[in-house]
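Worksheet for the structure shown next.
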Amino acid sequence: KKLDDLRTEYTSTYLDAQTKLQVRWVAVAYSDYPVVEWTVYLKNTGGTKSPLIENLQGFDSTFTGSDSAEFILRGNKGDNNVADSYAPYEIALYPNTKNTFAPSGGRSCDTAFPYFNLAMPDGGGMLMAVGWTGQWSVTFWHRADRGLQVTAGQELTRLSLEPGEEVRTPLIALMFWKGNDVIRSQNLWRRWMVAHNMPRPQGKPVQPILSFCDYAYFGWAKNTEEGEKAFIDALTQHGIKLDYWWLDAGWFPGGQGQWTVAKDRFPNGLKAISDYVHERGMGFIVWFEPESAYPWSLTAHENPDAMLNANPPEPNGLQLLWLGDPKAREWMTNHVDKMIVEEGIDLYRQDMNLAPLDYWRENDTPDRLGMRENLHIQGYYAFWDELLRRHPGMLIDSCAGGGRRNDIETLRRAIPLLRSDYQAFNGHPQWAIGNQGHTYGIASWIPYFGEGGYVNPVNTVYSIRSYFTPALGLIADVRSPDMDWELYRTMIAQWRQAAGCYLGDYYPLTPYSLDETKWLAWQFNRPEQGDGVIQAFRRKRTENDTLQVKLCGLEAEATYLVTDFDTNVTLESKGRELMDTGYSIKLDGMPASALLHYQKQ
């Protein structure tokens, strides 16, 4: 059936007459991109338990090619809050080798990343995303006599279905590309992500977001209504225009699971804060972590049959709210929905600091291995889908101890305001290089992401620009007499000028490196608008003061004006010259950065 002018859905159903096991394959083909995707559902339509279903895969295919060349696999690490999160890799898949990828602990992007680009021996290739917000596994097994077998699915399935139960495979999305230009294939992917996957509130693309969170200056459960308003007042008095005010963890009494407002610190509820920011033209972000709860909390008290323990128990006693329980999921949906309405919340921020895998597996029985996980992940999607149904156009932030749950199923419902928790409250220049590397890596796959940076006496322009992302939290202690308001305004103004380009095509201009002696640079290009930005970083032990960058994606015969944000000097050049000869960036200091904008005339 036609979903719209650009997408067609295909469904194929098989029913086994003996076991009454129904297998339903639902696929979508795109007419504007070389993409096909599918999910498979297995349902017990009979009156007794189904036979065991084992090693269920969402994808299992073998590719062959000439003997003179190899398959090349490219991808990136996931996030675990370290400097080399999202570091790119390139692996030659030689005959008789086997490479398996899986996340750590049950969150889809924890150390591993469910996005792959496979280049075929005879040219072209295939990009693959595995949409599963739990413990997926992908294997590339190159057997000399058979070719390259690729399998992808939930890591562990050995389960029997009760009557009426249904499980599903991960969503598998494939994009096919021709030629040998890997960067072109990644930009085709980015464009598909923007066109068909990113949330579109009110039917419009998500715009760049500038937010402020004062958590670093209060800490857990120490902020108050007066304290929040004091920060807001200081920013307002200095003419700072934010898109969102961000209230992070600790607005509730006690700990996770007690999702009620701490009235000793917020006597008028969070509504007093939301009204305050709404009057000043901002939206309101509030942090929740609905899947984790302490045994004494409201969540655990109201849903005793849905609380799972790990083995051994989590050191702080935290339990997992199993979203595979429909009643518990309904309770949490209604509770969060009520708070969104009553407290005036505009952007729902969901975190997940627990690693859920042990909670799921320790509560499976031998003939139900993988069942807790499968039903939980289905419930996680259903929870968000219902919140979005009740609040059309609301944005969701997909935090999970940093950027550990940003698979494609999640990114169809949410945006990641923090790609990683690799940062220090109050900021320090030592975190800059890692954050440069994060942008370099994640941008190949995910167009829209965010990070938080700090303006303070030790952070330079070089450091702050390392955090420039489509969604930027620019944070500062606005109460301090050392607050540099001129720097703060300048950084916001520069980010505002650059931010729109971040959803354009992405071109790495140097090799990836976290080495303090190496430059790092990239380009974001919007050919439809004829503009783009270049960012370059000279690190603190980089002896060469000049970097020549060859730009990409320009019109050869067009004239471009290239403006340096720091010197305000504009140079005129033909696109061909910028692409063939390049543009020379000279930075005198170490460390130092360049931010340039170009516009076609």
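Of note:
- Efficiency of FRET between Asp385 and Asp545 - r from beta-carbon atoms, R0 35 angstrom, step 0.05: 0.10
- Per-residue ³J(HN,Hα) for segment 18-31, Karplus 6.51 cos²θ - 1.76 cosθ + 1.60, θ = phi - 60°, Hz, x for Gly and Pro: 7, 8, 6, 7, 9, 10, 10, 9, 10, 10, 10, 10, 9, 8
- Listed from fewest to most Cβ neighbours within 10 Å, the set Cys501, Cys399, Cys552, Cys109 follows the order Cys552, Cys501, Cys399, Cys109.
- Cβ-derived FRET efficiency at R0 35 Å, Lys204 paired with Glu577, nearest 0.05: 0.45
- Dipole-positive endmost among Leu174, Ser137, Pro447 within the chain (Cβ charges, Cα centre): Leu174
- With Cα atoms defining each centre, segment 333-371 and segment 458-492 are spaced 34 Å apart in the structure.
- The stretch between Thr224 and Lys600, if pulled fully straight at 0.36 nm per residue, gains 130.4 nm over its current Cα-Cα span.
- Pairs over the 24 Å Cα-Cα cut-off, from the set Lys241/Lys263; Lys178/Lys204; Lys540/Lys600; Lys222/Lys271; Lys43/Lys77: Lys241/Lys263; Lys178/Lys204; Lys540/Lys600; Lys43/Lys77.
- For Ser463, Ser274, the sequence from fewest to most other C-beta atoms within 10 Å is Ser274, Ser463.
- Near Thr157, the amide H atoms lying under 5 Å from its own belong to Asn55, Leu56; only residues 5 or more places off or on other chains count, and H is placed 1.01 Å from N.
- Look at the dipole of the chain built from charges on Cβ: of Pro366, Pro356, Asn96, the Cα furthest out on the positive end belongs to Asn96.
- Gyration tensor (alpha-carbon) shape descriptor, segment 94-199, a/c threshold 1.5: oblate
- The phi-based Karplus calculation (6.51 cos²θ - 1.76 cosθ + 1.60; θ = phi - 60°) puts the 3J(HN,Hα) values of segment 333-342 at 4, 5, 5, 5, 4, 4, 5, 4, 6, 6 Hz, whole numbers, x for Gly and Pro.
- Multiplying the residue separation of Asp566 and Leu15 by 0.36 nm and subtracting their alpha-carbon distance yields 191.7 nm.
- Using only alpha carbons, the chain has a radius of gyration to Kirkwood radius ratio (Rg to Rh) of 0.97.
- Net length available on complete extension from Arg24 to Leu174 is 52.1 nm, with 0.36 nm assigned per residue and the Cα-Cα distance removed.
- For segment 453-465, backbone phi angles converted through the Karplus equation (6.51, -1.76, 1.60; θ = phi - 60°) give residue-by-residue couplings of x, 10, 9, 7, x, 9, 8, 8, 4, 3, 5, 5, 5 Hz, Gly and Pro being listed as x.
- Residues Asn334 and Ala272, FRET efficiency given R0 of 30 Å [Cβ-Cβ distance, rounded to 0.05]: 0.80
- Share of Cα-Cα pairs in segment 341-413 lying beyond 18 Å, as whole percent: 48
- Segment 7-196, Rg to Rh (Cα coordinates; Rh as Kirkwood inverse mean 1/r): 1.00
Coordinate-derived values only; no laboratory data. What you are looking at is a predicted structure, and each value in this text was computed from that prediction instead of being measured. A quick note on method: Cβ atoms are made from the backbone with ideal geometry, for glycine too, and the neighbour counts reach across all protein chains shown.
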